[in-house]
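Only the coordinates and a few stated rules stand behind these numbers; no lab work does. Keep in mind the model is a prediction, meaning the values are calculated, not measured. Backbone-built Cβ (ideal geometry, glycine too); neighbour counts: all protein chains shown.
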Amino acid sequence: MGAAEVGLFDARWSSRILEEWARAARKIGPQGEMIARGEIATIQARFPRASVKILQGVEARLWLPDPNDIHVFAAAVSCSADAIMTMNAKDFPRNELAEQSVMRVDPDGFLTGLAQLHPAPLQRVGDAVLAEAQLLSGEPWEMRKLMRKARLPRLGKMLT
């Protein structure tokens, strides 16, 4: 989200996507959903124009292997997004997305590409994330290890 905050891309999501995030966070423990809802409130305040309303009829004309993911595709189509950022390649086949001029990008590849194009701003974002992780955890994190834990190993290597 730091990369979006410094203007390197425009984040978009629907209320349903945010609700799924909150419910999925229950899996990490009893405090997970509460923490996720706090994070959701924060990003909604930081990105007030990121919320997408799914246009009527869009979901009905789309197909994905997992019908429960169609709302994500519909949100992207409704706001004319260039891409869906996900690690779930299986349920977001490129050929289906391409029919609506939407790409699938994985977070590590996307952020690594941004780092190549905009090294200084991405380094500042990475440094801020590292400092916040150290402050919140009380641990002396190293960039590469933190990014690996966040499933962003290539980005971590670039920012080291």
field: Span from the segment 43-69 Cα centroid across to the segment 111-133 one, whole angstrom
entry: 27
statement: Straight-line reach check, LYS90, cutoff 23 Å on alpha carbons, 8 or more apart in-chain or any other chain, hits among lysines -> LYS27, LYS149
- request: Report, to the nearest 10°, how far helix 32-46 tilts away from the longest principal axis of the Cα atoms in the chain, using its own Cα long axis and a range of 0 to 90°.
  value: 80
- line: Other residues with Cβ under 13 Å from the Cβ of GLU139 give, with Lys and Arg +1 and Asp and Glu -1, a net charge of 0
statement: Per DSSP loop assignment and a cutoff of at most 16 other beta carbons within 10 Å, the chain keeps its longest run without exposed trypsin sites (Lys or Arg not before Pro) at 91-150
field: Separation in nanometres of the label points that stand 7 Å from Cα toward Cβ, at ALA128 and ALA4
entry: 1.4
query: Using just the C-alpha positions of the chain as equal point scatterers, what log10 of I(q)/I(0) does the Debye formula give at each q in 0.08, 0.18 1/Å?
result: -0.26, -1.32
- line: The ³J(HN,Hα) series, computed from each phi in segment 56-63 with the Karplus coefficients 6.51, -1.76 and 1.60 at θ = phi - 60°, rounded to the nearest Hz and given as x for glycine or proline, is 4, x, 5, 4, 5, 9, 9, 9
- prompt: For ASN88, what charge total do you get from the other residues with a beta carbon under 15 Å from its beta carbon, if Lys and Arg give +1 and Asp and Glu give -1?
  reply: -3
- line: Of LEU111, LEU122, LEU136, the most mobile residue in a GNM of the chain (C-alpha springs, cutoff 10 Å) is LEU136
Summed residue charge, Cβ within 14 Å of GLU59's Cβ, Lys/Arg positive, Asp/Glu negative: 0
message: Given N residues in segment 110-159, what is its alpha carbon radius of gyration divided by 2.2 N^0.38 Å?
response: 1.08
task: Give the range of the longest stretch in the chain that excludes all GluC sites (Glu not before Pro) found in loop regions by DSSP and having at most 15 other beta-carbon atoms within 10 Å.
output: 1-98
